[in-house]
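Worksheet: one structure, shown below.
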Amino acid sequence: MNRLKNRQSRARSCRHRADTVPPNAKRQLLSVARAVLSHDALNGASVALGLLVVSAAVHLVAGAFAAAVAGVGVIVCIMPDRAAPRRGKLLQLLPAALFGLPAFTLVHAVRGDPIVLGAVLVAGSFVAFLAGAWGRLGRPLTASLAFAMVFALAVQAPGFGTAQAAAAFASGAALYVVWAVLANAVLNARYRTQVLAETVLALSALMRTQAGRYVPGAGSAAGKVELVRGALRRQSALSELMQLARDLLLEAPRTPRRVQRAAMLMQILEMRDRLIACGLDADDAQREAANAPWLDLLHVRLQAVADELDALADALLLARRAPARTAVRSPLSEWTPEPGMPAAVLMRSVVRRVGQLDDDARQLTALARGDAAPDLAAVQSAWRLFVSPIAWSWRPLVAALRPDAPVLRHALRAALAFGCAYTLTLLLPWGGHGYWVLLTIVVVLRGSLAQTIERRNSRVGGTLLGCVGVAALLWTQPPHALLLLTVTLAQAVAHAFVMRRYFVTAVAATVLGLVQAHLLAGGADPVFDVVERLVDTLLGAAIAWLFSYVLPSWERDQLPKLVALALRAQARHARLALALDEQGTSEIEWRLARREVHDSLAALVQSVQRSLVEPRAVRPPLRALGRLLARDERLLVQLTAVKSMLLRGGDRLDAASLRAPLARGAQAIETSLLAPREPATQPLPAAQAAELPIDPAGVDLGPWVLRRIDLAQQIALRLRDDAEEVRRSLAATD
């Protein structure tokens, strides 16, 4: 007993050191260093260098003003230029160039007629924002088309006609597309390593959150809610990053290094699933006071593994060999249940699961160091299925043309905001520069109120700082070369931080826009222009915010569809998770179904987060949604645990005896999730642990499989009740 107390004391000491070292300043510096070494920063440097090279080339051939207009063509094509697989990169960029040119040319041609120009801007903004129908692929196209129209208003050189402007724009766009495709091919290997490292960091962050499940006191109601919310946010961030990692690392892994990186990603996928499963039985283990010292040890061990993952990620970012894992004796080897402990079986399961996660981390490090050979069969069978295709079709656009479609409502909202802003700029004493109001609307107005408010606050603060910096710069009347270098650096920073911290992007984008407009205008009074831009930004941000309430797409309107999607995804996942391989299903099919569940969970989490800033009168039932999210995650974890035992059980499973219970369980879960039913009025019976074998590593895993199926059926019933409660609450307040 004294030895256990000493181990517990050392564990608490280690946890205290882990929580206080490094200090805040050092952690912030580490975060900044990781951001500088990220794929976003490298991509930002690449696009900025492309802007500099193309502008300089056009400057040598056609002069400074033509180079400034060509820079607009480059900026328009930069919007969709993110780290991507080599195959499909051209398709990612071409729409911005092909549609940006007519948008720029048309606005430039009609800008002398205020009425026609207003009509073109309103119609053009509607078309631009309709591009959001293609989701992640289309949103950059929206910005590209809108920027092409807005910057066309800034071209003010006498004698530089529409044909000349279009030719300069087209040359800049064409040259940059060539640059971007070549640069992406050259940097692709580095992108793969960086994204892999960032995925490891995201996994480490989720691990620290999951470690909180083993802190004494985490079993309270408030603690559970906060842990679930934090875990779901981390899972959402990890899932989003994992899709990019899949696209990059699983693209034709044929060379040894690519196979190694792809195998590491597959190992991370396994660790993600096992990490999420760490929540299994943790609540039951928390109820026994005798388990507290061992739970404390598991918490410290997970924190230590997270530290080792951080070290591995840093080594990848710095192109160093990963540090060797330190051999640590697992607490499982010393764990023995107290006599008569009711939760002894479940506690053994919890300890073993953390031990397996520790082994997974050791395997990941071995793969990174080259000490372990990758599983070629697993990598080669999975890479084609997990890569997102880049394809443009008319179906998303047709689906978005329904009257109740959020994309159509957002496009109408943007067109009305553009029309209002354009009319206002005609009345301003500096109306010739009113395009800055329109530019602010483009970057601030988002599809939801929460995103618009976030962009509004960042944009106003960033513009203020950017205006002060540009005022100081232009007051010195710098040479053209310095202005071109400033635009290049601003473009690099703006592009690098747009997905990480928009405030930094807002500062850099203000510098970029002001200096670029100064070059296009031939140089008016710089100080007065900066003051105008600040007022224009305030006006544009206010208009974007006000028009968020016009034809609003409240989150409550989208939640029934998202909830139904989540239930269908879980039903399909249950059918595949509870199927034996001999029944014609494959592990890859199950993994794809599980990814759909993760995606549906992430969409729900993001919707709930966005709803927190909406008016209270239209806010959805957050408490019921919180219960639904928690049970959705628990069902995913239970089914994943069953599938893992079915795949890895080997001779410890009697498939013949489990075939019928698995089929009944899959049918029951699917019926519970998809068939309408009345809410349960009696509490469901708890699963019995007394019949389970004391050692999960024993001969027969059948009782554990049956217990997980029973728990999954109970959770599915409650999940359907939660969904019905959400639906009724939404209908009652409509």
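Assorted remarks:
- Charging the Cβ of each Asp and Glu at -1 and of each Lys and Arg at +1, and nothing else, the dipole of segment 594-649 about its Cα centre rounds to 160 debye.
- Taking 0.36 nm per residue of sequence separation and removing the Cα-Cα distance, the VAL618/ASP404 pair yields an extension gain of 75.3 nm.
- Solvent-accessible heavy-atom area per residue, rounded to whole Å², over segment 99-189 at 1.4 Å: 39 Å²
- Theoretical FRET efficiency, 1/(1+(r/R0)^6), r = Cβ-Cβ of ARG500 and LYS26, R0 30 Å, to 0.05: 0.90
- Per residue, segment 434-506 exposes 40 Å² of accessible surface when a 1.4 Å probe is rolled over the protein heavy atoms with every protein chain present.
- Each label was represented as a point 7 Å from its Cα along the Cα-to-Cβ direction; for ARG321 and GLN477 these points are 6.0 nm apart.
- Peptide ranges 638-647, 445-454 listed from the most packed, as the mean C-beta count within 10 angstrom indicates: 638-647, 445-454
- Legend: calculated FRET efficiency, ALA372 to ALA185, from the Cβ-Cβ distance at R0 = 35 Å, rounded to 0.05, equals 0.75.
- Maximal additional length on extending the ASP557-ALA119 stretch stands at 154.6 nm, based on 0.36 nm per residue less the C-alpha distance.
The values are calculated or read from the model by the stated rules, or taken from the named source; none is laboratory data. Just so we're clear, the structure is a prediction, and the values are computed from it rather than from any experiment. Ideal geometry is used to build each Cβ from the backbone, glycine not excepted, and the neighbour counts take in all protein chains shown. Ligands, DNA and RNA are stripped out before the accessible areas are found, and what is left, the full protein with its side chains, is counted by its heavy atoms. Shrake-Rupley method; radii C 1.70, N 1.55, O 1.52, S 1.80 Å.
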